[in-house]
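Engineer: Here's a structure for you.
The values are calculated or read from the model by the stated rules, or taken from the named source; none is laboratory data. Just so it is clear, the model here is predicted, and its values are computed rather than measured. Here the Cβ positions follow ideal geometry from the backbone for every residue, glycine too, while neighbour counts run over all protein chains shown.
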Amino acid sequence: MRNRWIGCGLVALFGAGAFWDGLYSPAQQVAGTALMAVLVVLAGGAFGGGGEAGAGLTWWEAVWLALFGGAVLVSLGSPVAAGSAAHGPVVAAGWLLAYWLGRRFAAAGWMEQLLCWLWAVLGPVILFGGLAAMSYLPPHHSGRLASFLGYPIAVGVLGLLGLAGSLPLLQEGRKWAPVLVWANGLAVLLSGSRGVWAVGLVLAGYFFWADRRLLRSVWWPLVAALAGALWVGPAVAQRTLFPAIFILLAIGLTVLAAGWFQRRWVLVGGVVAWLAGAALAPGWGWLLGRAAALPLTEGSSVERMTFLADGFRLAGAWPWGAGYRAWTALQLQGASYAYYSAEVHSAALDLALAFGWVGGAAFLALLARFGLGLRGGWAWSPWRLAGLAGLGALGLHALLDWDLSYGLFALPLWLGFGLAGGGAQRRPWGQGA
């Protein structure tokens with residue numbers, strides 16, 4: 001019963017957080033920390049009973065976690081913006097609590113399954129919710145769908161997590177699983193992000209190596225996703241969904257029919273219709289324009305290199321950290337030319353600016369350990385494989401973007417850091433303590 005309460009708490013935190021700006025602001029992240037603390041208490045506390053204890057911390061983990069916590073505290077010594085910096089220890093405490101919660105249940109197996117279900121459903125909800133409310137949401141300057149997260153690439157990252165999470169459902173033969181694959185694939189494509197697409201290819205390659213059975217039936221929902229994106233992408237840019245939304249709904253119904261009836265002639269008919277729809281779609285210029293721009297030559301890529309260069313220079317001037325959200329306070333005085341960016345577009349560099357080089361290095365060490373742990377994925381259950389691989393893709397993408405400025409993504413990644421240190425048993429959600 002306790003597991004159910006903890007699972008419901010995680011669903012409430014991440015589900016509601018996706019609609020609450022992705023838990024982006026410091027106050028929203030503090031709220032996430034508060035709920036994470038409640039879940040830790042439900043799990044039995046750091047030293048109490050209850051729950052299903054996974055493996056304890058290794059000395060290596062303990063050292064890096066202690067260094068990270070110490071760096072957070074040291075950064076309070078000379079913050080550049082005291083108000084924002086005061087949130088830093090509380091927000092970081094939420095990450096460490098998430099780490100502990102993941103380690104507590106690392107051997108149980110149900111938490112990875114819960115995360116897969118959550119991402120598989122949440123991605124389509126945010127995608128279609130954003131489309132439905134597009135007239136009421138502020139447009140993004142790029143013309144892409146930002147939904148309730150305010151950032152198109154965040155929608156794509158959520159779709160990438162959902163795509164990974166829906167693969168075990170597809171492998172189990174769930175009749176509606178192809179719709180989840182299609183919708184999450186659509187979110188990935190509509191992000192218009194070459195970084196998200198590239199990480200998606202890396203994720204696909206990893207699944208092909210670890211357990212290619214997960215990819216056996218994924219191709220045809222993704223063909224349908226491509227057809228839908230070619231119609232909806234230009235429509236979103238023009239802020240008018242008609243008639244593209246009707247074509248998208250028709251594609252979705254054919255995907256549902258193909259998965260539900262599981263007849264070859266239905267699938268063949270659907271694939272022919274999707275290919276025809278893709279051929280007639282007006283979005284090829286939009287898609288190829290995003291995909292064909294060479295790295296480091298297209299505007300956003302050049303800007304990001306500038307952000308990183310300026311960020312490293314500022315981090316060198318503040319080696320012990322300038323406090324939480326330091327980039328926002330320092331950016332204007334450290335900019336190499338007249339520009340403004342609320343984010344430095346690198347999670348590790350952002351942490352180095354906030355908590356010093358030690359804090360940034362500790363995060364990179366934990367991320368590297370997590371990535372190396374994925375080498376054992378070939379022996380895992382499909383749920384554990386999909387859940388942790390999706391978080392690995394998130395961590396990889398966050399190295400060159402600001403995904404982890406959202407509590408919606410930072411807390412699950414630290415939860416994954418803890419989960420990666422335990423066993424690989426599988427247990428359905430709700431079973432146990």
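Engineer: What number of residues within region 241-277 satisfy the criterion of being within 30 Å of TYR136 (Cβ to Cβ) and of a type in the set (A, V, I, L, M, F, W, C)?
Structural biologist: So the answer is 13.
Engineer: Separate question: All but one of (1) free of Cβ contacts under 8 Å to residues at least 12 places away in the same chain; (2) in contact with an Asp or Glu (Cβ under 7 Å, 6 or more places away or on another chain) hold for GLY195, so report the exception by its number.
Structural biologist: (1)
Engineer: To continue, here is another question. Report whether or not VAL181 is buried (at least 24 other Cβ atoms within 10 Å of the Cβ), more than 22 Å from PRO234 (Cβ to Cβ), at pLDDT 95 or above and touching a Ser or Thr at 6+ places or on another chain (Cβ under 7 Å).
Structural biologist: So VAL181 passes the test.
Engineer: Sort through LEU214, LEU230, LEU267, LEU275 and tell me the only one that's hydrophobic (A, V, I, L, M, F, W, C) and surrounded by fewer than 19 Cβ atoms within 10 Å (Cβ to Cβ).
Structural biologist: LEU275
Engineer: Out of ALA338, ALA379, ALA326, which single residue is closer than 30 Å to ALA34 by Cα and of a type in the set (Gly, Ala, Ser)?
Structural biologist: ALA326
Engineer: In region 266-275, is there at least one residue being modelled with pLDDT of 95 or more and under 29 Å from the mean Cα position of the chain (by Cα)?
Structural biologist: The answer is yes; a qualifying residue exists.
Engineer: Same structure again: Residue under question is GLY22, and the condition is that it be at pLDDT 90 or above and either of a type in the set (D, E, K, R) or crowded, with 20+ Cβ neighbours inside 10 Å (or both); does it hold?
Structural biologist: For GLY22, the condition - at pLDDT 90 or above and either of a type in the set (D, E, K, R) or crowded, with 20+ Cβ neighbours inside 10 Å (or both) - is met.
Engineer: Select from region 332-341 the residues that are exposed (fewer than 12 other Cβ atoms within 10 Å of the Cβ) and farther than 14 Å from ALA317 by Cβ and write down the one among them that is modelled with the highest pLDDT.
Structural biologist: Per the stated criteria, the residue is TYR340.
Engineer: While we're here: From the list GLY192, GLY173, which one is at pLDDT below 95, within 19 Å of LEU256 (Cβ to Cβ) and of a type outside the set (Ser, Thr, Tyr)?
Structural biologist: Going through GLY192, GLY173 in turn, the sole match is GLY173.
Engineer: The conditions are (1) modelled with pLDDT under 95; (2) under 22 Å from LEU158 (Cα atoms), and GLY371 fails exactly one of them. Which is it?
Structural biologist: If we test GLY371 against (1) modelled with pLDDT under 95; (2) under 22 Å from LEU158 (Cα atoms), just (1) comes out false.
Engineer: Please note which helices (runs of 4 or more DSSP H) are completely contained in region 257-359 and include at least 2 residues that are farther than 30 Å from GLY173 by Cα, touching a Lys or Arg at 6+ places or on another chain (Cβ under 7 Å) and not polar (S, T, N, Q).
Structural biologist: Hits in region 257-359: 284-292.
Engineer: Of everything in region 241-265, what is among the β-branched types (Val, Ile, Thr) and modelled with pLDDT of 95 or more? Give them in sequence order.
Structural biologist: Correct list: ILE247, ILE251, THR254, VAL255.
Engineer: Of the conditions (1) part of a helix (DSSP H, G or I); (2) more than 16 Å from the chain's Cα centre (by Cα), GLY392 satisfies every one except a single condition; which number is it?
Structural biologist: Result: GLY392 passes all but (2).
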